[in-house]
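**Q** Please see the structure below; I have some questions.
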Amino acid sequence: MLDIEFQNTTCKFKEFLALDSISFGVERGEFFSLLGPSGSGKTTTLRLVAGFLQPSSGKILIEGKESSSIPPFKRNVNTVFQDYALFPHLNVFDNIAYGLKIKKQSASTIEKEVKSALEMVRLPDLIHRKPSELSGGQKQRIALARALINKPRVLLLDEPLSALDLKLRQEMQIELKEIQRKIGITFIFVTHDQQEALSMSNRIAVFNKGKIVQIGSPEQVYADPTSEFVAGFVGESNIFDKTSSESLFGISRTCMIRPENLYFKKDPNEKYDIETEFILKESIYTGITIKHILSKDNKDYIAYSQEKKEKGSKIILGLYRKDLRPLSD
Amino acid sequence: MWKLYYNKKLTIFLLLLPLLIWLGLVYLGSLFTLLLNSFYRVDDFSGVIVREISLSTFKDLFGQRTNLDIIFRTVAMASSVTITCILIAFPIALFMYNNKNQFLKPILYLGIMLPLWSSYLVKVYAWKLILAKQGIINFFVELTGTQVFLDSLLSIPVIGGTSLSFSYMGIYLVFVYMWLPYMILPIYASLQRIPLNLILASEDLGATPSITFRKIIIPLVVPGIVAGSIFTFSLTLGDYIVPTIIGNSSYFIGMAVYTHQGTAGNIPLAAAFSIVPIIIMLIYLMLAKRIGAFDAI
């Protein structure tokens, strides 16, 4: 069952083509991420689902029904905004209760629901505070509670964690994932942070210049990027252009290999499919490991190891053919 | 060397000093003098100002029926002008806010700002000509044969009069015209300050545009309305030119202050009169704060 389906959907702002005929579907209960650089069309996609924008052509199906002309207030989807968009004149309780009050629920129901929503986002009793009296993390949770209390079919999250500091962001990533698993509704999550997308999603759609360039599970997108853009945007990668690939691997296409698949040859007995010599330019200590920048034919490549190496030394790296990914251009 | 003599606090103090002198001496000082004068009194026989602190001037002010009438008349005028300004300014500000037409935008701005650039007296006298018995309004009334309506309007007790330019109605019209920009601009500014995402969030949570308007836009515009009404209300409270030129010679606070400090030579009573708008404004601001008008700022 598809909760959301885009069929050749295009969205234009005057001359600017924000979305260029994209098609994809989101399964019920999925944690689906839209990943891409800013201006790639991911937020536009989210706004189309919310109903804040109308497609220039193509269809958007929500729960199987064509929805392009349904106004936002009639859609069974809710949004968590990047800047939270809490109502500044209402306290926490009234912010969370906003949707239920509009639906004219009884006061006792509202009170009960607000309480359970606050429990869900693990917030203590702050119902009388105004948004201006809350921290960023608290605002984030209130915005989440305010959306979830309406029990939407699909929750749309527009870079909800980007304003938080690293530690809080990592905590919220885990928590969001837990909440999604617990209530089992579909999450569509916009982010430009590939780490976030990889660690949270069931599937990722990678956007570039108004197009979806790849859709797949985090493992697929990371291990099998189909284009140079995806290889470069998701995770770190070593790209060998056509001529280098030709001479090194005998493949006349651009090839990608992840840094963790490049091995430092320590022992002459170690056997690799391909071995080649690099010059070490720089070693960067990152805590867990050491990141080496190596150069060959005036191009830079990355590899990891646990030992420090001397700058300028010649280094032999080995790799296996199965880790090589030929890319389409 | 420089560092040796550099003292951050002293620098800030020196930078602020001219401002503090201005604010402290010239501004607050004169306000204080005003307040002090209102506690002096004028000797009934000699007409000399007695510089002793007493409440007798205030007793005069609030004890005499004519003075109370002046205060009541002024406050009633200021209130009705303010309410009318809100009712007219809100739709205009909303229209400007919603207007996407790039050609119309500067015209709207100019239409509101232009009257503020021209002379105050010129505007009042222009209005006198518009409202006068042989004026523009009468010309059109005669042309359309609607004299009956104007006459019945003017025959309403209290607000009517011999002609529009000699009635409370005329004063009211001119005040509304004069202060309208001061209401439109703050409302427009507060509309513009509402983040678009708040409106989207409201719709997202199931609110129709009309609910969004009532529950989100209006409460967030209230600070702007309060700011605008401070202008319209206090400007009307203190004005003495419009009632002098347009009115039917009934006194307003501003005129009373003008007469008492001038021809009547009763500075203490003039000072006491001018305290009244200040107190009214303070009460007004306290009430506005209590209903939460400034919460969203």
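**Q** Has the range B:55-71 got at least one residue that is over 30 Å from B:G247 (Cα atoms) and free of Cβ contacts under 8 Å to residues at least 60 places away in the same chain? Don't jump to the end; show me each part of the working.
**A** The first filter runs over the range B:55-71 and keeps only residues over 30 Å from B:G247 (Cα atoms), leaving B:55-56.
Filter once more, keeping what is free of Cβ contacts under 8 Å to residues at least 60 places away in the same chain: B:55-56.
Looking through the range B:55-71, at least one residue is over 30 Å from B:G247 (Cα atoms) and free of Cβ contacts under 8 Å to residues at least 60 places away in the same chain.
**Q** Just one of the numbered conditions (1) in a helix (DSSP H, G or I); (2) surrounded by 14 or more Cβ atoms within 10 Å (Cβ to Cβ); (3) within 28 Å of the chain's Cα centre (by Cα) is not true of A:E119; which one?
**A** (2)
**Q** Given the residues A:E270, A:E246, A:E275, which is the only one that is farther than 20 Å from A:E307 by Cβ and either of a type outside the set (V, I, T) or under 23 Å from the mean Cα position of the chain (by Cα) (or both)?
**A** A:E246
**Q** Which of the numbered conditions does A:S108 fail, given that it passes all the others? Conditions: (1) over 27 Å from A:E5 (Cβ atoms); (2) of a type in the set (S, T, Y); (3) within 14 Å of chain B (Cβ to nearest Cβ).
**A** Answer for A:S108: the failing condition is (3).
**Q** Does B:A189 qualify as being part of a helix (DSSP H, G or I), without any contact (Cβ under 8 Å) to a residue 40 or more places away in the chain, away from chain A (no Cβ under 14 Å) and closer than 24 Å to B:I88 by Cα?
**A** yes
**Q** Kindly establish whether A:F31 is in contact with a strand residue (DSSP E or B) (Cβ under 6 Å, 6 or more places away or on another chain) and assigned by TED's automatic domain parsing to the domain that holds A:E175.
**A** Yes: the conditions hold for A:F31.
**Q** Right, here's the next one. What is the number of the single condition among (1) charged (D, E, K, R); (2) within 14 Å of chain B (Cβ to nearest Cβ); (3) within 18 Å of the chain's Cα centre (by Cα) that A:K167 does not meet?
**A** (2)
**Q** Quick one: how many residues across the range A:11-48 are among the aromatic types (F, W, Y) and touching a Ser or Thr at 6+ places or on another chain (Cβ under 7 Å)?
**A** The number of residues fulfilling the criteria is 2.
**Q** For the range A:97-115, which residues satisfy the criterion of being more than 18 Å from A:R129 (Cβ to Cβ) and either small (G, A, S) or exposed (fewer than 15 other Cβ atoms within 10 Å of the Cβ) (or both)?
**A** Scanning the range A:97-115 gives A:G99, A:K103, A:K104, A:S106, A:A107, A:S108, A:T109, A:K112.
**Q** Right, another one. Taking B:A264 as the residue in question, decide whether it is of a type in the set (A, V, I, L, M), over 17 Å from the mean Cα position of the chain (by Cα) and in a helix (DSSP H, G or I).
**A** No; evaluated as a whole, the condition is false for this residue.
**Q** Name the pairs whose Cβ atoms lie under 8 Å apart, with the first residue in the range B:18-47 and in contact (Cβ under 8 Å) with a residue 24 or more places away in the chain, the second charged (D, E, K, R) and outside any helix (DSSP H, G or I), and 6 or more positions between them or separate chains?
**A** Filtered contacts from the range B:18-47: B:Y40/B:R51; B:Y40/B:E52; B:R41/B:E52.
Conditions (1) surrounded by fewer than 16 Cβ atoms within 10 Å (Cβ to Cβ); (2) of a type outside the set (V, I, T); (3) within 20 Å of A:S245 (Cβ to Cβ); (4) touching a residue at least 40 places away in the same chain (Cβ under 8 Å), marked per residue:
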| site | (1), (2), (3), (4) |
| --- | --- |
| A:E260 | yes, yes, yes, yes |
| A:P268 | yes, yes, no, no |
| A:F278 | no, yes, yes, no |
| A:I290 | no, no, no, no |
| A:D300 | yes, yes, yes, no |
| A:Q306 | yes, yes, no, no |
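**Q** Could you check A:Q138 against (1) out of contact with any helix residue (DSSP H, G or I) (no Cβ under 8 Å at 6 or more places or on another chain); (2) surrounded by fewer than 18 Cβ atoms within 10 Å (Cβ to Cβ) and say which number it fails?
**A** Tallying (1) out of contact with any helix residue (DSSP H, G or I) (no Cβ under 8 Å at 6 or more places or on another chain); (2) surrounded by fewer than 18 Cβ atoms within 10 Å (Cβ to Cβ), A:Q138 fails exactly one: (2).
**Q** Just to be sure, is B:F72 surrounded by 12 or more Cβ atoms within 10 Å (Cβ to Cβ) and either aromatic (F, W, Y) or not in a helix (DSSP H, G or I) (or both)?
**A** No; evaluated as a whole, the condition is false for this residue.
**Q** Tell me, which residue of the range A:48-96 that is surrounded by fewer than 20 Cβ atoms within 10 Å (Cβ to Cβ) and assigned to a helix (DSSP H, G or I) is farthest from the other protein chains (Cβ to nearest Cβ)?
**A** This residue is A:F93.
**Q** Restricting to strands (runs of 3 or more DSSP E) lying wholly in the range A:177-232: which have 1 or more residues that are within 23 Å of A:E63 (Cβ to Cβ) and of a type in the set (F, W, Y)?
**A** A:186-191
**Q** Looking at B:T208, B:T244, which one is hydroxyl-bearing (S, T, Y), surrounded by fewer than 20 Cβ atoms within 10 Å (Cβ to Cβ) and facing chain A (nearest Cβ under 8 Å)?
**A** When all the criteria are applied, what remains is B:T208.
**Q** Among the numbered criteria (1) more than 14 Å from chain A (Cβ to nearest Cβ); (2) not in a helix (DSSP H, G or I), which one does B:Y177 miss?
**A** (2)
**Q** Another question, if that's okay. Is it the case that the range B:129-136 has a residue that's in contact with a Gly (Cβ under 6 Å, 6 or more places away or on another chain), more than 14 Å from every other protein chain (Cβ to nearest Cβ), part of a helix (DSSP H, G or I) and free of Cβ contacts under 8 Å to residues at least 12 places away in the same chain?
**A** Yes, the conditions are met somewhere in the range B:129-136.
**Q** State the number of residues belonging to the range A:78-96 that are in contact with an Asp or Glu (Cβ under 8 Å, 6 or more places away or on another chain) and of a type in the set (A, V, I, L, M, F, W, C).
**A** Number satisfying all stated conditions: 3.
**Q** Look through the range B:200-251, keep the residues that are outside any helix (DSSP H, G or I) and touching a Gly at 6+ places or on another chain (Cβ under 7 Å), and return whichever of them is modelled with the lowest pLDDT. Before the answer, list the steps.
**A** So the first thing to find is which residues in the range B:200-251 are outside any helix (DSSP H, G or I), and the list is B:205-208, B:239-240, B:247-251.
Keeping just the survivors that are touching a Gly at 6+ places or on another chain (Cβ under 7 Å) gives B:205-206, B:239-240, B:248.
On the way: B:L205: 96, B:G206: 94, B:D239: 91, B:Y240: 89, B:N248: 78.
Out of the qualifying residues, it is B:N248.
**Q** Scan A:K130, A:K211, A:K151 and give me the residue that is among the basic types (K, R), surrounded by fewer than 20 Cβ atoms within 10 Å (Cβ to Cβ) and away from chain B (no Cβ under 14 Å).
**A** Just a single option satisfies the conditions, and that option is A:K211.
**Q** Just to confirm my filter: which strands (runs of 3 or more DSSP E) fall fully inside the range A:237-285 and include at least 2 residues that are over 23 Å from A:Q220 (Cα atoms)?
**A** Where strands (runs of 3 or more DSSP E) fall fully within the range A:237-285 and carry at least 2 residues being over 23 Å from A:Q220 (Cα atoms), they are A:274-285.
**Q** Right, something else. Within the range B:91-105, which residues are assigned to a helix (DSSP H, G or I) and surrounded by 10 or more Cβ atoms within 10 Å (Cβ to Cβ)? Even if it seems obvious, please write down each step before you answer.
**A** Step one: of the range B:91-105, the residues assigned to a helix (DSSP H, G or I) are B:91-98, B:104-105.
Selection gives B:P91, B:I92, B:A93, B:L94, B:F95, B:M96, B:Y97, B:L104, B:K105.
**Q** Pick from the range B:218-241 the residues that are surrounded by fewer than 20 Cβ atoms within 10 Å (Cβ to Cβ), more than 16 Å from B:C85 (Cβ to Cβ) and touching a residue at least 40 places away in the same chain (Cβ under 8 Å): which of them is nearest to the other protein chains (Cβ to nearest Cβ)?
**A** B:P219
**Q** From B:V148, B:V124, which residue is in contact with a helix residue (DSSP H, G or I) (Cβ under 6 Å, 6 or more places away or on another chain) and not small (G, A, S)? Give the steps one after another, and end with the answer.
**A** Working: B:V148 fails: in contact with a helix residue (DSSP H, G or I) (Cβ under 6 Å, 6 or more places away or on another chain).
Unique residue meeting the criteria: B:V124.
**Q** Scanning the range A:249-258 for residues that are hydrophobic (A, V, I, L, M, F, W, C) and either modelled with pLDDT of 90 or more or within 26 Å of the chain's Cα centre (by Cα) (or both), which turns out surrounded by the most Cβ atoms within 10 Å (Cβ to Cβ)?
**A** Result: A:I257.
The values are calculated or read from the model by the stated rules, or taken from the named source; none is laboratory data. Nothing here was measured: the structure is a model prediction, and the numbers come from that model. Here the Cβ is made from the backbone with ideal geometry for all residues, glycine too, and neighbour counts use every protein chain on show.
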